[in-house]
1. Tell me, which strands (runs of 3 or more DSSP E) lie completely within region 123-190 with 2 or more residues that are at pLDDT 85 or above and within 21 Å of GLY73 (Cβ to Cβ)?
2. Do we have any residue at all in region 100-112 that's out of contact with any Asp or Glu (no Cβ under 6 Å at 6 or more places or on another chain), assigned to a strand (DSSP E or B), closer than 23 Å to PHE38 by Cβ and modelled with pLDDT under 90?
3. Which one of these is surrounded by fewer than 16 Cβ atoms within 10 Å (Cβ to Cβ) and acidic (Asp, Glu): ASP127, ASP148, ASP156?
4. Determine which member of the set LEU110, LEU129 is within 13 Å of the chain's Cα centre (by Cα) and touching a residue at least 24 places away in the same chain (Cβ under 8 Å).
5. Pick out, from region 1-67, the helices (runs of 4 or more DSSP H) lying fully within it that include 3 or more residues that are modelled with pLDDT under 60.
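The values are calculated or read from the model by the stated rules, or taken from the named source; none is laboratory data. Note that the structure is predicted; figures quoted are calculated from it, not measured. Cβ placement follows ideal geometry from the backbone for every residue including glycine, while neighbour counts extend to all protein chains displayed.
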Amino acid sequence: MDGSGLNNRVLKILSQSSHKAAVDLLGMRISTNINDKFVEIMITETEAYGRKTTDKMSLFNTYKNIPTSLTLGPPYISVLKSYGSNRSMFLLSGKKGFGEAVLIRSGIILIGKKHIEARRKVKMKNDKLNGPGNITKGLSISNVNDGDSIISGPIDISPRIHPVDQAIAKQRKNAKRNDKNLWRYTLILK
């Protein structure tokens, strides 16, 4: 099967500015096949970084040791350390060199719950993965994957299973008082 049509669609989504890409990624599926353990989740919450009307330094202020991969643009990912041992995976968006990115904040496990539980060392009561660190651990993404392509690497993005019914836009957590922009996007599932 030729995946070039799908790859073009994913590239088109990620070539948009981060806030548009963040909305379009809701409901899409992200999967990894690392060490012969296939895992797939549906993206239910995203957060945009690097929009023109924002303080572009918000990404740099939140995460430490910013890698050069952040300026690669689509179709690459960037893996950043946030706090403690947690890592966050960003899908790079916009144009090369601009540092726009979409953070995957939460998702629903579709395939590979046992692998995710083993990677996180936790028995899960439901199929929801909340928090960027849990997403990254569940997909077995580490600093080694920083700069990987989502077209030719171990990480893959697939189309939505169903149309997006409704999404909510919210402010970023701990946003500055004057920042009225909506950064976080959550898929409403019925």
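1. 155-158
2. no
3. Just one listed residue meets the conditions, ASP127.
4. LEU129
5. Here the list reads 58-62.
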